[in-house]
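Right, one structure below, let's go through it.
The values are calculated or read from the model by the stated rules, or taken from the named source; none is laboratory data. Quick caveat, the model's predicted, so the values are computed rather than measured. Positions of Cβ are generated from backbone atoms using ideal geometry, with glycine treated the same way; all protein chains shown enter the neighbour counts. Calculation scope for accessible area: heavy atoms of the full protein, side chains included, ligands and nucleic acids excluded. Shrake-Rupley method; radii C 1.70, N 1.55, O 1.52, S 1.80 Å.
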Amino acid sequence: MIDQLYRKAVLTVAERPQVEKLARDKMWPLAQRFVAGENIQSAIGAVLELQKDGIQGNLDLLGEFIDSPAKCTEFAEQVLKLIDAAHAAGITPYVSIKLSSVGQGKPVPETEGGGEDLGLKNARRIVGKAKEYGGFVCLDMEDHTRVDITLQQFRTLVGEFGNAHVGTVLQAYLYRSLKDRESLDDLKPNIRMVKGAYLEPETVAYPDKADVDQNYRRLVYQHLKAGNYTNVATHDEKIIDDVKRFVLAHGIAKDQFEFQMLYGIRRDLQKSLAAEGYRVRAYIPYGRDWYAYFSRRIAETPRNAMFVAQGLLKG
Ligand code: FDA
């Protein structure tokens, strides 16, 4: 409950336009701990650097609440460029996208043929391009109002490109996620399990962290037991230790799952897991639109708010 109140307080303040304006200038030097840079080259550089420690990258061009259909398609084109650039740098492209950024919920403009959802159309181009290079696209999960449409579009894309090239995310704070997981089993889906980062009402999400943690373990264990590839995306060391014990006890091979963490968070743990022979992947955000992402990281733990406060005082 306290975690929920803290998160709400930080996000409510951060979303005020006056705060954003002030914070953008002051905070960029600090945001760089969590954001790889503002352009493709810095993001690729971050992947190559992590690969030296046996850690793979998951590239994420930042962009939220992109409003016009033209901007959504422009954003999708930036992601296509990113995939080409990763391939050219010798990296198997692995990217994450938010379907809202590429037009989910908006019809394709009549001038371009109309009809279907623009997000699905753009996602299809992105997954198709990643598949060309043997790569992978994960459809990030946003707030609860987008879960139904995201899972439907995920199902469509797996049907078209196969489960080796597209995956999605389930959030342990949502009451519905266990059922959603089961309902996807026929696809043998590659799923990233997360606790959930948005401000959600009690009508749809567990307010208590202990319930979220318990549900998280259930989701991971059930997905592994069903024989599916599982991305254990958390920095929670207790959960990570439990998952290690679980896979050992159930004879689950190390190539059926991977640990995923965010760029700049628990780098020590990322390195030590990779050194133990586990697959590890860091989620590497980059781009000019870093503010909302950075605010969510601060909202996750008061330790990060302290990091920012100390940085600002020093500056
Ligand atoms: P929890 O918040 O319980 O933290 C456990 C411990 O980890 C803390 O005690 C602290 O030590 C450390 N820690 C956690 N967050 C930290 C931070 N920001 N800075 C420093 N230390 C921190 N969410 C979503 O809704 N949709 C999505 O698509 C994704 N995608 C995604 C991908 C990947 C790779 C990760 C790791 C996470 C996401 N998330 C997400 C975010 C996720 O929902 C969640 O908000 C964060 O991972 C924080 O939760 P933890 O599981 O780390 O546990």
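Observations on the model:
Residue-by-condition table, conditions (1) in contact with a Cys (Cβ under 9 Å, 6 or more places away or on another chain); (2) farther than 21 Å from Gln260 by Cα; (3) near the ligand (Cβ under 10 Å from one of its atoms):
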position	(1), (2), (3)
Leu178	no, no, no
Leu187	no, yes, no
Asn190	yes, no, no
Glu202	no, yes, no
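- Single match in Gly162, Gly119, Gly115 (criterion: more than 13 Å from the ligand (Cβ to nearest atom), surrounded by fewer than 20 Cβ atoms within 10 Å (Cβ to Cβ) and within 26 Å of Leu59 (Cβ to Cβ)): Gly162
- Restricting Val232, Val220 to those that are outside any helix (DSSP H, G or I) and under 18 Å from Gly196 (Cα atoms) reduces the list to Val232.
- Counting the residues of the range 267-297 that are more than 16 Å from the chain's Cα centre (by Cα) and closer than 26 Å to Glu142 by Cβ gives 3.
- In the range 101-112, the residues that are over 30 Å from Tyr175 (Cα atoms) and either surrounded by 19 or more Cβ atoms within 10 Å (Cβ to Cβ) or within 16 Å of the ligand (Cβ to nearest atom) (or both): Val108
- Within the set Ala130, Ala123, the sole residue that is touching a His at 6+ places or on another chain (Cβ under 7 Å) and assigned to a helix (DSSP H, G or I) turns out to be Ala130.
- Restricting attention to the range 287-304, the residues being surrounded by fewer than 22 Cβ atoms within 10 Å (Cβ to Cβ), within 10 Å of the ligand (Cβ to nearest atom) and of a type in the set (Gly, Ala, Ser) number 0.
- Ala210 satisfies every condition listed in (1) part of a loop (DSSP other than H, G, I, E, B); (2) within 11 Å of the ligand (Cβ to nearest atom); (3) surrounded by fewer than 19 Cβ atoms within 10 Å (Cβ to Cβ) except (1).
- Test result for Thr168, within 15 Å of the ligand (Cβ to nearest atom) and open to solvent by 60 Å² or more (accessible area, probe 1.4 Å): no
- Here Asn231 passes the criteria (1) open to solvent by less than 40 Å² (accessible area, probe 1.4 Å); (2) more than 8 Å from the ligand (Cβ to nearest atom); (3) within 25 Å of Phe294 (Cβ to Cβ) except the one numbered (2).
- Of note, Leu157 satisfies the criterion of being in contact (Cβ under 8 Å) with a residue 12 or more places away in the chain and open to solvent by less than 10 Å² (accessible area, probe 1.4 Å).
- The range 239-286: number of residues that are at positive phi, open to solvent by less than 50 Å² (accessible area, probe 1.4 Å) and within 16 Å of the ligand (Cβ to nearest atom): 1
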